[in-house]
Amino acid sequence: MRRSAALLGALALLLGAQVASCYYLPGTYPQEFLQGDIIQAEVNSLVSSETEMPIAYYSMPFCQPPEGVHRATSTINPGTILLGIRIENSPYNFTIMTKQQGLTVCNGDEYPDHAFPALNPKQVKLLQDKIRQQYRVRLILDNLPITTYDLEQDPESVRPGYEVGYMRDKKYYVNNHLMFKVLVHETNGQYTQSRLQNEAELEAVAAVEAGGRRLLADDDKKAGKKAGNAGKQIKGGRGRQAAAATAAVKLAPGQKMYMIVGFEVVACSIKRTPGEAINKGLMCPQSLGDPNAPEPQEVKKGESIVYTYDVYWDTSDITWSSRWDAYLRMPGGKVHWFSILNSLMVVVVMSCIVAMIMMRTIRRDLQRYEQLLVDGGQGQDVEESGWKMVSGDVFRTPSSPLSLCVQIGSGVQILASGFITLLFAALGFLSPASRGSLLTAALVMYLLLSVAAGYAAVWLWGLVNRSYEGWFKVCWRVACFFPGVTVTVMTFVNIFLWATRSSGAIPLGFFFSIIFLWLLISIPLSYSGGIIAAKQEIRQYPTRTNQIPRHIPPPHWASHPLVLFFAAGLLPFGTIFVELYFAMTSMWQGYFYYIFGFAFLVAVLTMIITIEVSIVCTYVQLCAEDYLWWWRSYYRGGSISIYVLIYSLGFLVNTLHKLTGFIPVVLYLSYMGLLVWCLFLAMGTIGFLSSFIFTYAIFNASKSD
């Protein structure tokens, strides 16, 4: 038994270590290089803040590597596919700590003169269009994106990539020469030594587990003999592996290894003649107006473009663990911090004030009605108004109960999946080095939490109808409601992306894979949640519903439904206003966004203030003897989305005014429309549930009194 337990423990250790080692992607685990090692850069899709349509790198007239184009399989996930991220190998090769000048990009039999063949009219138009639309080339080295900023000067913000070219005097010039500067941090090879030793230990554990299974299969005598042989083999194998590991990275005294901590570039245009020797003395000018600048490479028909690059190396004090810090800085960082703290203080103070007012007001109402009962009916004039007068109608079945249940179920699913994803991001599990991980996590969470949508929708259906009869149609509709609309919108958007040959277009195979996952996972889980809910006992209302509906008097202007609707979204929108600016700037202008800790805090504060505002508005509505709170509480909770929609339109006009063409505007409005709708469903659900709990609690307390 002890031997079996030991073997099982060794197996568990092996599997756990393998899973842990498989988690790391290139660049997310420290990679150390010796001087002279060769590393190849990768290329990502080209992007532009003027079109918001990514395009594949090799769809442009750029040279391909001699070994052919291969996609980096480790970066393929649902998130990168949906975002149009397409990472492939490149013809740019770097020799660690070796200065290189005048290297040609176009190599191999396809480029005999080390130049891209003469441009045809279609390629000329393509290059000119992308230069005019300010597309940016995004190279990657050891999973670090390239940038034109000086990373050692602590820039306020860093925008990845460099521009394809530039315009001057109505002529187009391509940036065909790149001066790379790679920042490295010196190490003693401790990370490589540790990793290789761990691999040796894993192989030893695997050998122990394999030998143990043979021991359990044979009789004791043969097992003992074989155990000795196995022990000798394991000992020898482990020693050889450790020696090999040490020899693989055995460093001479004073020899260093290097980790890449920065990837900078200066891009310029230099005209070169194909077939001639590369003049290594030509450097990029300090500015476009430099009189000593070399002649630039114009984009015109029949031109053969010679792409070249230089590589320079520099040691840096930036450590590997902080190499992403410069990329993750947001513009206006100080304003961001002060605004977040100010919003936090305002929300906390308002929360305390609202809570105190509600507790004192409701307590006073309950005491007044209790005093009326004690006085034996005196003061009947006081009894003619107030929320207590709608006790016979407050739980009357709302109009369109099926639609309400479906929307609440969808809101619960969106809210839960978004909250969990944001929590994991705030805790640091979704690294920016793992591209597409945030969207992938959100998609997985949404699929798995279909069970919550089915449960919430069916539970509410039983509550409002006082019976679970017909619950299966509720499950079907909640499983198809949000995904169906989203797929329809994405199909509409994809038609435009396919027409423009953008890499942001969802491949047809992946599109059907998403639909297959929806049919295979989402719908069955929705029905599973519905089955669980249908077995629950229906909660009894604290009051009886009258057969004849009560007349609703005309509301005062302060309690008018429209006034309450627009007022309910103001304070929550004020909470997210600052964070919304930074998020949209990152989303639509090509910056990284990784301050999820603040985003999570703002989300929690927004939910708290939405709950409190919903309670206040519902209380005001009930005091006006208006018992139609079901739908109105839902709308009031989601009213923040109206302000976000208005803000997004203002962001389009003021910040994204350079969007060119009809398709980019359609893409922006489609994506923002989906986000606003998600926000409406999620916050509307919060408003409804908080109002329901509040209404149930006060009438239950009134019944007890």
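The values are calculated or read from the model by the stated rules, or taken from the named source; none is laboratory data. Values in this document were obtained by computation on a predicted structure and should not be read as measured data. Cβ coordinates were reconstructed from backbone atoms using ideal geometry, including for glycine residues, and neighbour counts include every protein chain displayed.
Here Glu469 fulfils each of the conditions (1) assigned to a loop (DSSP other than H, G, I, E, B); (2) closer than 30 Å to Thr543 by Cα; (3) in contact (Cβ under 8 Å) with a residue 60 or more places away in the chain apart from (3).
Take the conditions (1) under 30 Å from Thr500 (Cα atoms); (2) in contact with a helix residue (DSSP H, G or I) (Cβ under 7 Å, 6 or more places away or on another chain); (3) assigned to a helix (DSSP H, G or I); Leu669 misses just one of them, which is (2). Within segment 43-60, being of a type outside the set (A, V, I, L, M), under 24 Å from Lys181 (Cα atoms) and crowded, with 22+ Cβ neighbours inside 10 Å holds for Asn44, Ser45, Ser48, Tyr57. What do you reckon, is Val489 under 24 Å from the mean Cα position of the chain (by Cα) and assigned to a helix (DSSP H, G or I)? Answer is yes for this residue.
Residues of segment 268-283 include none that is within 22 Å of Asp37 (Cβ to Cβ), in the same structural domain as Tyr149 (by TED's automatic domain parsing) and among the hydrophobic types (A, V, I, L, M, F, W, C). For segment 413-457, a residue qualifies if it is over 24 Å from Ala533 (Cβ atoms), not in a helix (DSSP H, G or I) and not basic (Lys, Arg), and the qualifying residues are Leu427, Gly428, Phe429, Leu430, Ser431, Pro432, Ala433, Ser434, Gly436. Screening Tyr593 against (1) crowded, with 20+ Cβ neighbours inside 10 Å; (2) of a type in the set (Ser, Thr, Tyr); (3) under 30 Å from Arg159 (Cβ atoms) leaves a single unmet condition, (1). Among all positions in segment 665-686, there is at least one residue which is under 25 Å from Met359 (Cα atoms), in contact with a Leu (Cβ under 9 Å, 6 or more places away or on another chain) and not polar (S, T, N, Q). If you check Leu82, Leu46 for being modelled with pLDDT of 90 or more and among the hydrophobic types (A, V, I, L, M, F, W, C), only one passes: Leu46. The condition of being basic (Lys, Arg) and within 30 Å of Leu447 (Cα to Cα) does not hold for Arg550.
Could you please find all residues in segment 256-289 being part of a loop (DSSP other than H, G, I, E, B) and in contact with a Cys (Cβ under 7 Å, 6 or more places away or on another chain)? Listed by number, the residues that qualify are Cys284, Pro285.
Taken across segment 116-131, residues that are crowded, with 21+ Cβ neighbours inside 10 Å, more than 15 Å from Cys268 (Cβ to Cβ) and not basic (Lys, Arg) do occur, with at least one present.
Criterion first (at pLDDT 90 or above, within 30 Å of the chain's Cα centre (by Cα) and at negative phi) does Asn89 satisfy it? Taking the combined requirement at face value, the residue satisfies it. Can Pro549 be described as within 27 Å of Val354 (Cβ to Cβ) and not assigned by TED's automatic domain parsing to the domain that holds Ile408? Answer is no for this residue. Of all residues in segment 115-149, exactly one satisfies the criterion of being touching a Cys at 6+ places or on another chain (Cβ under 8 Å) and either outside any loop (DSSP other than H, G, I, E, B) or at pLDDT below 90 (or both), namely Phe116. Candidates are the residues of segment 631-675 that are of a type in the set (Gly, Ala, Ser) and under 24 Å from Cys617 (Cβ atoms); the one that is nearest to the chain's Cα centre (by Cα) is Ser641.
When you check Gly411 against the structure, is it over 20 Å from the mean Cα position of the chain (by Cα), surrounded by 19 or more Cβ atoms within 10 Å (Cβ to Cβ), modelled with pLDDT of 95 or more and closer than 24 Å to Ala682 by Cα, yes or no? Against the criterion (over 20 Å from the mean Cα position of the chain (by Cα), surrounded by 19 or more Cβ atoms within 10 Å (Cβ to Cβ), modelled with pLDDT of 95 or more and closer than 24 Å to Ala682 by Cα), Gly411 does not qualify. Exactly one residue out of Ser633, Ser586, Ser614 is assigned to a helix (DSSP H, G or I), touching a Cys at 6+ places or on another chain (Cβ under 8 Å) and among the hydroxyl-bearing types (Ser, Thr, Tyr), and it is Ser633. For Pro561, the requirement of being modelled with pLDDT of 85 or more and outside the structural domain of Ser641 (by TED's automatic domain parsing) is met. For first residues located in segment 568-579 and closer than 17 Å to Ser690 by Cβ, partners that are assigned to a helix (DSSP H, G or I) and among the charged types (D, E, K, R) and lie 6+ apart or on another chain with Cβ distances below 6 Å form the pairs Ala568/Arg636.
For Thr80, the stated conditions hold: it is touching a residue at least 60 places away in the same chain (Cβ under 8 Å), more than 29 Å from Arg168 (Cα to Cα) and in a helix (DSSP H, G or I).
Candidates are the residues of segment 314-341 that are under 23 Å from Ala603 (Cβ atoms) and β-branched (Val, Ile, Thr); the one that is modelled with the highest pLDDT is Ile340.
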